[in-house]
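Notes follow the structure.
The values are calculated or read from the model by the stated rules, or taken from the named source; none is laboratory data. All values derive from a computational prediction rather than experimental measurement. Reconstructed Cβ throughout: ideal geometry from the backbone, glycine too, with neighbour counts over all protein chains shown. Calculation scope for accessible area: heavy atoms of the full protein, side chains included, ligands and nucleic acids excluded. Shrake-Rupley method; radii C 1.70, N 1.55, O 1.52, S 1.80 Å.
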Amino acid sequence: MCHVYRAYADPATFKMRTMGKEAIGIAISMSPQGDVTRLGADLQRKLAQIKAGLPGGIEIHHISDQPRS
């Protein structure tokens with residue numbers, strides 16, 4: 001008999017790192033009819049709100065920022 005289930009790998013088989021520390025990656029994509037400049041401004045405002053509520057030791061780093069490129 002075969003059982004199918006979904007679970008997390010423990011220990012993790014893949015870990016993302018940035019600046020030598022473990023990280024979580026989040027990718028944000030724009031809709032085809034979107035405005036990249038407006039998306040960038042909206043994200044900056046939202047990130048400022050999120051950063052204000054983060055506990056000590058948690059940081060946000062941009063890896064790629066297309067609106068500023």
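For S29 and A41, compute 0.36 nm times the residue count separating them, minus their Cα-Cα distance, and round to one decimal in nm.
Taking S29 through A41 to full extension adds about 2.9 nm, to one decimal.
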- Note on the structure: Scalar couplings 3J(HN,Hα) for the stretch 11-22 by Karplus 6.51 cos²θ - 1.76 cosθ + 1.60 (θ = phi - 60°), nearest whole Hz, x for Gly and Pro, are x, 4, 8, 9, 10, 8, 9, 9, 6, x, 10, 4
- Using a 10 Å Cβ count of at most 11 others and DSSP loop calls, identify the longest part of the chain lacking such trypsin sites (Lys or Arg not before Pro). 16-69
- Given springs between every Cα pair under 10 Å in a Gaussian network model of the chain, which of A48, A27, A12 has the largest fluctuation? A12
- Task: Determine how large the accessible area of T13 is when every protein chain is in place; take a 1.4 Å probe and give Å² rounded to the nearest 10.
- Result: 130 Å²
- Note on the structure: What the Cα atoms of the chain span along the principal axes, largest first and in whole Å, is 54, 35, 22
- Message: Going by amide H atoms built from the backbone, whose H comes under 5 Å of the H on A23, apart from near neighbours?
- Response: M16, R17, T18
- Quick one: Karplus J couplings for the stretch 41-54, per residue in order, coefficients 6.51, -1.76, 1.60, θ = phi - 60°, nearest Hz, x for Gly and Pro? 5, 4, 5, 4, 5, 5, 4, 4, 5, 5, 4, 4, x, 6
